[in-house]
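The values are calculated or read from the model by the stated rules, or taken from the named source; none is laboratory data. Just so it is clear, the structure is predicted and the values come from calculations on it, not from any experiment. Positions of Cβ are backbone-derived with ideal geometry, glycine not excepted, and every protein chain shown enters the neighbour counts. Heavy atoms of the whole protein, side chains included, go into the accessibility calculation; ligands, DNA and RNA do not. Shrake-Rupley method; radii C 1.70, N 1.55, O 1.52, S 1.80 Å.
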Protein chains: 2
Amino acid sequence: MFLHIQFDSETPIYQQVKNQIIRGIALGELSLGESLPSVRQLASDIGINLHTVNKVYNQLKLEGWVVIHRKSGVMVNPDLKANKSPDYLAGLDTLLKNITAEAYLNGVSREEFIDFIQKNYDSYKIREEK
Amino acid sequence: MFLHIQFDSETPIYQQVKNQIIRGIALGELSLGESLPSVRQLASDIGINLHTVNKVYNQLKLEGWVVIHRKSGVMVNPDLKANKSPDYLAGLDTLLKNITAEAYLNGVSREEFIDFIQKNYDSYKIREEK
DNA sequence: CATTCTGTTATATATTATGTATAACAGACA
DNA sequence: TGTCTGTTATACATAATATATAACAGAATG
């Protein structure tokens, strides 16, 4: 797996795992329909508790990123749907307002900021399941 | 004051207050050198505890957003300095990678995203102290 | 000098979030 | 029958968040 967890980070472990899985899908490192490790396997790989992984998978399921079948386990949702819900957009709005304000005050120019966003977007490409 | 706190939010109160003060500076709603309410006053206005506000002011001081003088109280730092430290930039990098990945998967186009960033930046302008 | 306002510190308490530990359950599959 | 899945239950420890009450020390003002 491609996960790198910082155990001394202020960001909770489960949040780091969750973020990296979602990013993995966007980058195409995880294809749609691809199987993810079992809760026990991933927990063992990272060196964390089973329940922490289970929490991640559960949230990913609730948010539609993965589907879970008994026994077959967890896989990236083969039918990912765009979710521009009002709640999501409202949260994104607030988040970006705060981040850009701080970046502006810290001397990050609009051009720098946008260039960074563009480079990120250019690296994203959903990889279809085979 | 211009603060609007959502008490049912997952975002901690102190974090909301902190974000809104920083954003207030970027928007020019707070001028450099402007006095902020005392810890007790602001706590009373919002309807929260004195210590929660004190925590905010303390973090803002440590990060250089405000200066605090005994008795004269808290004011927006008249000599704000850009802080593009490696730590800050690394945190911003990780944060934006995660946000853009999720936005991409949720169907927010690069153009939409960038347009939003631009409009934010256009609204920022530090207001100098008089 | 006494009052009043500052931020600050100290204690204590309550609730929630995070993470771990151990165990067991039920479905699916070989 | 084992063995693998996710899932649930229970318990525990630690940290984060927020409140409550009280007191302290510096600075300004009457």
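Here is how the numbers come out for the structure above:
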item: Identity of the residue in the stretch B:72-93, within 14 Å of DNA strand C (Cβ to nearest atom) and modelled with pLDDT under 95, that ends up surrounded by the fewest Cβ atoms within 10 Å (Cβ to Cβ); result: B:S72
item: Test: residue in the stretch B:44-55 that is of a type outside the set (V, I, T), out of contact with any His (no Cβ under 7 Å at 6 or more places or on another chain) and not in a helix (DSSP H, G or I); result: yes
item: Close pairs (8 angstrom Cβ cut-off, 6 or more residues apart or separate chains): free of Cβ contacts under 8 Å to residues at least 40 places away in the same chain in the stretch A:106-129, open to solvent by 70 Å² or more (accessible area, probe 1.4 Å) and among the charged types (D, E, K, R) anywhere; result: A:N106/B:K84; A:G107/B:K84; A:V108/B:K84; A:I117/B:R110; A:Q118/B:R110; A:Y121/B:R110
item: Hits in the stretch A:72-86 (condition: out of contact with any Leu (no Cβ under 7 Å at 6 or more places or on another chain) and within 7 Å of chain B (Cβ to nearest Cβ)); result: A:A82, A:N83, A:K84
item: Residue count for the stretch A:62-71, restricted to those that are more than 9 Å from DNA strand C (Cβ to nearest atom) and open to solvent by 90 Å² or more (accessible area, probe 1.4 Å); result: 1
item: Index of the failed condition, B:S44 passing every other in (1) closer than 24 Å to B:N83 by Cβ; (2) free of Cβ contacts under 8 Å to residues at least 12 places away in the same chain; result: (1)
item: Inter-residue pairs, beta-carbon under 8 Å, first more than 10 Å from DNA strand C (Cβ to nearest atom) and in the stretch A:1-26, second among the aromatic types (F, W, Y) and part of a loop (DSSP other than H, G, I, E, B), 6+ apart; result: A:Q20/A:F2; A:I21/A:W65; A:I22/A:W65; A:G24/A:F2; A:I25/A:W65; A:A26/A:Y124
item: Among (1) free of Cβ contacts under 8 Å to residues at least 40 places away in the same chain; (2) within 30 Å of A:D8 (Cα to Cα); (3) more than 9 Å from chain A (Cβ to nearest Cβ); (4) surrounded by 14 or more Cβ atoms within 10 Å (Cβ to Cβ) - the single one B:V56 does not satisfy; result: (1)
item: Selected residue [within 7 Å of chain B (Cβ to nearest Cβ) and either among the β-branched types (V, I, T) or without any contact (Cβ under 8 Å) to a residue 24 or more places away in the chain (or both)] from A:L95, A:L89; result: A:L95
item: Members of the stretch A:35-49 that are touching a helix residue (DSSP H, G or I) at 6+ places or on another chain (Cβ under 7 Å) and within 6 Å of DNA strand D (Cβ to nearest atom); result: A:V39, A:R40
item: Test result for A:V108, more than 30 Å from B:L80 (Cβ to Cβ) and either modelled with pLDDT of 95 or more or within 13 Å of DNA strand D (Cβ to nearest atom) (or both); result: no
item: Leading residue by the ranking (nearest to DNA strand D (Cβ to nearest atom)) among those in the stretch B:61-90 that are assigned to a helix (DSSP H, G or I) and farther than 20 Å from B:R23 by Cβ; result: B:D87
